[in-house]
1. In this structure, does A:Arg187 turn out to be away from DNA strand C (no atom under 15 Å from the Cβ), surrounded by 13 or more Cβ atoms within 10 Å (Cβ to Cβ) and not assigned by TED's automatic domain parsing to the domain that holds A:Met49?
2. Among the residues of region A:175-184 satisfying the criterion of being open to solvent by 40 Å² or more (accessible area, probe 1.4 Å) and more than 8 Å from DNA strand C (Cβ to nearest atom), which is farthest from the chain's Cα centre (by Cα)?
3. Filter region A:94-112 down to residues that are at the interface with another protein chain (Cβ under 10 Å from one of its Cβ atoms) and closer than 19 Å to A:Glu21 by Cβ, then give me how many there are.
4. Of the conditions (1) under 29 Å from B:Lys140 (Cα atoms); (2) outside any strand (DSSP E or B), A:Leu39 satisfies every one except a single condition; which number is it?
5. What is the residue count in region A:163-217 for residues that are near DNA strand D (Cβ under 10 Å from one of its atoms), modelled with pLDDT of 90 or more and in contact with a strand residue (DSSP E or B) (Cβ under 7 Å, 6 or more places away or on another chain)?
6. Can you find, within region A:124-165, the residue that is farthest from B:Met141 (Cα to Cα) among those that are free of Cβ contacts under 8 Å to residues at least 24 places away in the same chain and more than 10 Å from chain B (Cβ to nearest Cβ)?
7. Answer yes or no as to whether A:Met159 is farther than 30 Å from B:Met112 by Cα and within 11 Å of DNA strand D (Cβ to nearest atom).
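The values are calculated or read from the model by the stated rules, or taken from the named source; none is laboratory data. Bear in mind that the values here come from a model prediction, so they are computed numbers and not experimental data. As a convention, Cβ positions derive from the backbone with ideal geometry for all residues, glycine included, and neighbour counts pool all protein chains shown. Remember, those area values only see protein heavy atoms, side chains included, never the ligands or the DNA or RNA. Shrake-Rupley method; radii C 1.70, N 1.55, O 1.52, S 1.80 Å.
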2 protein chains.
Amino acid sequence: MKEALYESGLFHGIKADKVDEILQTIHHQYKSFQKDEYLYYSGESCEDMNLLVEGSVRGEIVDFRGKVVKVEDIFTPDVFAPAFLFATENNLQVDIIANTKVRVLRISKREMIELLNRHPRIMENYLRIISDRFVIITQKMKFLSLKTMRGKIAHYLLMREKRKQQNKQIRKHKTQEQLAEYFGVTRPSLTRELKIMEKEGLIYLQDKEIKILDKARLLDLMRR
Amino acid sequence: MKEALYESGLFHGIKADKVDEILQTIHHQYKSFQKDEYLYYSGESCEDMNLLVEGSVRGEIVDFRGKVVKVEDIFTPDVFAPAFLFATENNLQVDIIANTKVRVLRISKREMIELLNRHPRIMENYLRIISDRFVIITQKMKFLSLKTMRGKIAHYLLMREKRKQQNKQIRKHKTQEQLAEYFGVTRPSLTRELKIMEKEGLIYLQDKEIKILDKARLLDLMRR
DNA sequence: GGAATTTCGTAACATATCTTACAAAATGGT
DNA sequence: ACCATTTTGTAAGATATGTTACGAAATTCC
C-alpha cells in the first residue's frame with residue numbers, strides 16, 4: 001500500500017524515504033471504502049486531493065436524472081478528479097464509485113497548495129496529472145463526437161491496433177455487451193453492425209475477438 | 001493590450017506594476033496573427049504557454065480526416081490550450097484558429113515552470129485555469145452524451161435560462177443553423193423537432209427566439 | 001461432463017434523424 | 001421601398017439505430 005505512493009505520478013522522481021519525510025510535514029489521512037460505495041456524488045464539492053493507494057474507482061457522468069456514460073476507470077496509484085480540486089466551480093460533474101475495496105490518501109486543498117509550493121517536483125507532477133487527464137477527456141470527446149456507429153467501431157479498432165504496436169498495456173478482451181455500452185449503442189445493434197462489417201470484409205470475428213482486415217477502409221469510415 | 005495582461009486570470013491578484021516587474025525577469029515574446037490564421041495545427045506539439053492579449057481564437061476538434069466539432073472560443077485575456085503544455089503527450093488534439101486579428105504572449109515551458117515555482121499566486125492561478133477548462137470540457141462531454149435531440153434542446157434551453165437568471169453574459173441569438181451545428185444535427189431536423197415541441201406546448205417560437213413554456217417537462221426530457 | 005449462466009446471432013417492427021428539395025418569411029443593404 | 005440574401009418551415013423517402021424476443025453457442029461452475 002505504501003509502495004503505491006512511491007510509484008504514484010504525484011511523487012514521481014522523489015525517493016521513497018523523501019516521500020515519507022514530506023508526508024510527515026503535512027496533514028493527511030487515509031480513508032477506506034467498500035466495493036460499490038460512492039466516494040463522491042455528482043454535485044458534491046471537492047475539497048481534498050485524492051490519491052488511490054488500493055483498488056480502483058470509476059467516474060460516471062450523471063445527468064439531472066440518471067447515469068449516462070462511464071467516463072473512465074482510475075487505478076491505483078493514480079489521483080482521481082485532480083481538476084475539480086482547483087476549479088472555481090469545484091462541484092464534481094461525476095459520481096465516483098468504488099470498483100473494488102478502495103483506500104485513498106487524502107490531503108486538503110490548503111495543504112496541497114503548500115505542498116506544491118514547497119516541492120517543485122510535486123508541482124510539475126500535479127500539473128502533468130491534470131493535463132494528462134485533460135488530454136484523455138479530450139480524446140473521449142472526440143470519440144463521442146463521431147456520428148456513426150461504424151465510425152466509433154473503426155476508431156476503437158484502430159486505436160487498439162496502435163496501442164498494440166506501441167506495446168502498451170494490452171487490455172483484456174471486451175464483450176460485445178461492454179463494447180456496446182462504451183459506444184453508447186445497444187448490444188443487438190452492435191452485433192448487427194459488426195456482422196455487416198464482417199460480410200463487407202472490413203473485419204473478421206474470431207473467438208470473440210475482432211480482427212482488422214482492411215485498415216484503409218476503416219480509416220475512411222471515420223470521415224463521418 | 002497591456003491592460004489585458006493585468007486583467008488576465010494568470011496574473012489575477014497581482015498588481016500591475018508587479019506584473020511588469022515579473023515579466024522583466026523572464027523571457028517572453030509577443031506574436032501576432034491574422035484573422036483565420038492557424039496558431040497551432042492539431043498534432044503539433046505545444047512548447048509554450050499562450051496568453052491572448054488581443055482578439056479571440058477558436059479550438060476545433062479534428063479527426064483523422066475532417067473537422068468535427070468546435071470546442072470553444074477563447075477570448076482575450078485568457079490562456080488557451082493550458083493543459084497541453086504540461087501533458088506527457090503534448091500534441092494538440094485541436095486546431096487553434098484566429099477568429100480575429102490576434103496577439104499572444106508566449107512563455108516557454110521551462111520559463112513557465114520557473115514562474116510557477118517563484119510565484120505561488122501564479123501557480124494557483126494556473127491550476128485554476130487548467131481546472132476550469134477541464135470542468136468546461138466535462139460539461140461539453142456531458143452534453144454530447146445526451147442521446148436524443150430533445151434532450152439536447154432541453155439541456156441547452158435550461159442552461160441558457162440558468163445563465164440569464166445569474167445575469168451572466170447573455171450571448172447573442174443563435175440561428176437555427178448554428179444551433180443545429182452545435183447539437184450535431186441537421187438543420188431541417190432541428191426545425192421539425194422545435195415545431196413539434198411547440199405544438200406540445202413545451203416551448204414557444206417567437207421572433208426567432210425560443211421561449212420556455214413548460215420547464216418541468218423539459219427537465220423530464222433529459223432523462224434520455 | 002453436465003447444468004447453469006453468459007455471450008452472441010438474428011429477426012421483425014418501431015422510431016429518430018438524415019437527405020434533398022423547395023417555398024415562405026424575415027432581414028439587410030442601398 | 002425594393003432586391004438580394006439569409007433564415008425558417010415543410011414534406012417525402014432513405015437510413016441508422018432502438019426494442020423486444022428467442023434460440024444457439026460458448027463459457028463457467030460444480
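1. Details: away from DNA strand C (no atom under 15 Å from the Cβ): no; surrounded by 13 or more Cβ atoms within 10 Å (Cβ to Cβ): yes; not assigned by TED's automatic domain parsing to the domain that holds A:Met49: yes.
For A:Arg187, the condition - away from DNA strand C (no atom under 15 Å from the Cβ), surrounded by 13 or more Cβ atoms within 10 Å (Cβ to Cβ) and not assigned by TED's automatic domain parsing to the domain that holds A:Met49 - is not met.
2. In this case the residue turns out to be A:Glu181.
3. Residues meeting the conditions: 1.
4. Going through (1) under 29 Å from B:Lys140 (Cα atoms); (2) outside any strand (DSSP E or B) one by one, A:Leu39 breaks only (2).
5. Qualifying residue count, region A:163-217: 0.
6. A:Gln165
7. Values: farther than 30 Å from B:Met112 by Cα: yes; within 11 Å of DNA strand D (Cβ to nearest atom): no.
No; evaluated as a whole, the condition is false for this residue.
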